[in-house]
Amino acid sequence: MERRNPKVAIQRGYAVLTADQARQIALEWLKAGRLENAIALGLPEVDDRYHVWRVPLLGGVSGERIGEVVIDAYTSLVVENRSTRFDVLEARLLGRPPEGTPISRRSDRYLLSSLRNIVALGDCEEILMELPAQSVDLVFTSPPYYNARPEYSEFLSYEDYLDKMRRVIRQVHRVLNEGRFFVINVSPVLIRRPNRQGQSRRLAVPFDLHRIFVEEGYDFVDDIIWVKPEGAGWALGRGRRFAADRTPLQYKPVTVTEYVLVYRRRTDKLIDWNIRTYPDQEAVRQSKIIGDYDRTNVWYIQPAYHPVHPAVFPLELAEKVIRYYSFKGDVVLDPFAGVGTTGKAAWKLERRFVLIEKEPAYVDVIREEILEWMGRAALEVLYFNCDPPQVRQGLLF
């Protein structure tokens, strides 16, 4: 969760105003479970969207995050059903499943997920915690741009942005099935200069995320280059100065590409194991790519436009990724779902989907448009933290 200014707590009239107060409440809660000497506390963060404080819990030896304490900012009480249970914390400290948890995966076989189609409103970092381990077969997403447009900025610094991405990537690792793929559409971000005397900055987001992926247990597989028409990059103004006077040192090419980076959840098993042990071999046969296909890592795809979302990726891009990296019947997750393009492509290609989006306006678009591309089946989707779509007379007939 991105860090918030502590002044927000005062403005909202919270009972818990400071990180020290939140830390003390969390410590008392740990004492009730006799875990205060085994678990360290991370930096508390106030989340004013849900009116809670979140205190990360770190393994005393490893220092890795093993859970969190959620505190009601108004009442100062621990929210038990949203905080990590004591038995789960103990199990993670010992490196074993909680007592009574069935072992759902064997190392010699691949099990199909039982997840149904899901549309969830909320922060993906939270909602991913609710999904079963290894219940997703493919992840395809395009994360929010870091401060590309100031009006959409939600991170205090680039480091905050990367920290958020790391936590999401880590949570996805838990829900992604063994040896399956995480595909991410991302590009460098241009931070415009603050004034005529200042300098613009271009942040190498794909390369910073690559380091995080490797550190969080993924193997790098491919870098695919998505090429847009030449005129697509002129809106940023990059390259105009050089085009005018051609003076060396001022050269900046117009950007018409984005990266589609492909990672695989680290495993000692070959990709052939995922194919050979897949329980539904008929789905494997039906999922074979018929006809032409992309023979190189350069994909020419027209960009897309949506009146509500400022940065949607094309349906064609989602379809290509889903065809190449999943089987029919698989579960495809998009933790930054936007207006639901990944879900639309997954449904079209006979896959299931899990769409997570924190902006209510975008979820409203999904709920509106899902009726158009799913028909009656849209009523069987699990809607989490949001209402099912309103069926208009005659729409499904």
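Here's the yes/no breakdown for (1) surrounded by 14 or more Cβ atoms within 10 Å (Cβ to Cβ); (2) without any contact (Cβ under 8 Å) to a residue 12 or more places away in the chain; (3) more than 23 Å from R174 (Cα to Cα):
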position: G13; (1), (2), (3): no, no, yes
position: I25; (1), (2), (3): yes, no, yes
position: E28; (1), (2), (3): no, yes, yes
position: D48; (1), (2), (3): yes, no, yes
position: V52; (1), (2), (3): yes, no, yes
position: G63; (1), (2), (3): no, no, no
position: S76; (1), (2), (3): yes, no, yes
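Please verify whether segment 328-345 includes one or more residues that are part of a loop (DSSP other than H, G, I, E, B), free of Cβ contacts under 8 Å to residues at least 60 places away in the same chain, crowded, with 19+ Cβ neighbours inside 10 Å and assigned by TED's automatic domain parsing to the domain that holds I271.
yes
Determine if segment 362-377 includes at least one residue that is surrounded by fewer than 24 Cβ atoms within 10 Å (Cβ to Cβ) and in a loop (DSSP other than H, G, I, E, B).
The answer is no; no qualifying residue exists.
Just to be sure before I move on: is E350 outside any helix (DSSP H, G or I) and closer than 18 Å to I289 by Cβ in the structure I sent? Give the derivation first.
On the way: outside any helix (DSSP H, G or I): yes; closer than 18 Å to I289 by Cβ: yes.
Taking the combined requirement at face value, the residue satisfies it.
Since S76 meets every condition but one in (1) over 29 Å from R12 (Cα atoms); (2) over 25 Å from the mean Cα position of the chain (by Cα), which condition does it not meet?
(1)
So which of V312, V284 is in the same structural domain as P143 (by TED's automatic domain parsing) and modelled with pLDDT of 95 or more? Explain how you work it out, then say what you get.
Working: V312 fails: modelled with pLDDT of 95 or more.
When all the criteria are applied, what remains is V284.
Residues that are closer than 30 Å to V284 by Cα and modelled with pLDDT of 90 or more, at least 2 per element: which helices (runs of 4 or more DSSP H) completely within segment 1-112 meet that?
Because the criterion is at least 2 residues that are closer than 30 Å to V284 by Cα and modelled with pLDDT of 90 or more, no helices (runs of 4 or more DSSP H) in segment 1-112 meet it.
Which condition number does I184 fail, the rest of (1) modelled with pLDDT under 95; (2) farther than 22 Å from S114 by Cα being met?
(1)
Here is a yes/no grid of residues against (1) without any contact (Cβ under 8 Å) to a residue 12 or more places away in the chain; (2) in contact with a helix residue (DSSP H, G or I) (Cβ under 9 Å, 6 or more places away or on another chain):
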| residue | (1), (2) |
| --- | --- |
| W273 | no, no |
| Y278 | no, yes |
| S287 | no, yes |
| G291 | yes, no |
| T296 | yes, no |
| Y300 | no, no |
| A304 | no, yes |
| F313 | no, yes |
| E316 | no, yes |
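The values are calculated or read from the model by the stated rules, or taken from the named source; none is laboratory data. Remember, predicted model here, so these are calculated numbers, not experimental data. No Cβ is skipped: glycine too gets one built from the backbone with ideal geometry, and neighbour counts run over all protein chains shown.
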